[in-house]
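What follows is a set of notes on a single structure, which appears directly below.
Read-outs throughout are calculated quantities, based only on the coordinates presented, and are distinct from any laboratory measurement. Bear in mind the structure is a predicted one, so any value in this text is a computation, not a measurement. Glycine gets a Cβ as well: all are built from the backbone with ideal geometry, and neighbour counts include every protein chain shown.
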Amino acid sequence: MQLLVSVSSIGEVQAAVAGGADIIDVKNPAEGSLGAPQPHLIREVRRLTPRHLPVSAAIGDVPDLPGTVALAAAAAAACGADFVKIGLMGPCTPRAAGELLAAAVRAVAEVDRHVMVIATGYADGEQVGALPPRDLVQVARAAAAHGCMLDTARKGRGSLFDALSHEFVSDFVAESRRHGLLSALAGSLALADLPNILGIGPDIVGFRSAACQGDRIDGHVDSLLVQSLRDGLKPTEDLPYAPRRATPTDGAARSH
């Protein structure tokens, strides 16, 4: 199981790496759950991150504007991101979300076919007028995306497991696996959620608040907090399977 840690400045990269993060994620939490960072920050984080570690970039809680989103996704790929995360906020139906996501997948593949597009839905999507989380896997599959992530839109109003049941999240991970998609969980997760997460077994688990001294916007990633998360995600013999490791080369086998 891979640990994704979100950074919002170049000063946080070293702490995330030193603590044992497997994926360095770049976003601007001041602009939302998947707030988009400036292009120069993606480039700098990629430069400072060891080459064997993938870099992920969020491009926003996006509106229902396929051209705009496709352009942003292509830019993130061109700046060096190995994963591009797209928050499906604006498109509220499977058809609209699928069209937007397919446009982004195509745009990213034209820049670098090894870059992986992660469709991100919101556990509280129906409360904010976004795509319902039950539709996320099928939308990602139809658009030829590489993976799915569940997050939360309304920070400070509970975690992923406050919005969705353990059974729903477990079924989401299993459905993603059946369709050959990476599965990722995020959404105000804490150290106390790790036993629950280990029982579900997603490929990737994402943190920001729990990796920071201070809050998710003004706080700073702390290497010791990252290390505690890393230690808590170590595989155990009780897992029913071994989650596969996500690497950008997984995208090479997918046709766009």
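The separation of the range 127-204 from the range 67-105, counted between C-alpha centres, amounts to 18 Å.
Residue 224 sits among other residues whose Cβ lies under 15 Å from its own Cβ, and their net charge, with Lys and Arg +1 and Asp and Glu -1, is -2. Spin-label model, residue 53 to residue 191: label points 7 Å out along the Cα-to-beta-carbon direction sit 2.0 nm apart.
Given axes a ≥ b ≥ c from the Cα gyration tensor, I'd like to know whether the chain is rounded (a/c under 1.5), prolate (a/b larger than b/c) or oblate.
Values: a/c = 1.30, a/b = 1.11, b/c = 1.17.
Rounded, since a/c falls under 1.5.
Computed over neighbours whose Cβ is under 10 Å from that of residue 188, the net charge equals +2, Lys and Arg +1, Asp and Glu -1. Applying the criteria of a DSSP loop state and at most 14 other Cβ atoms within 10 Å to the trypsin sites (Lys or Arg not before Pro) of the range 42-88 yields 51. Over all other residues within a Cβ to Cβ distance under 9 Å of residue 130, the charged ones net out to -3, with Lys and Arg as +1 and Asp and Glu as -1.
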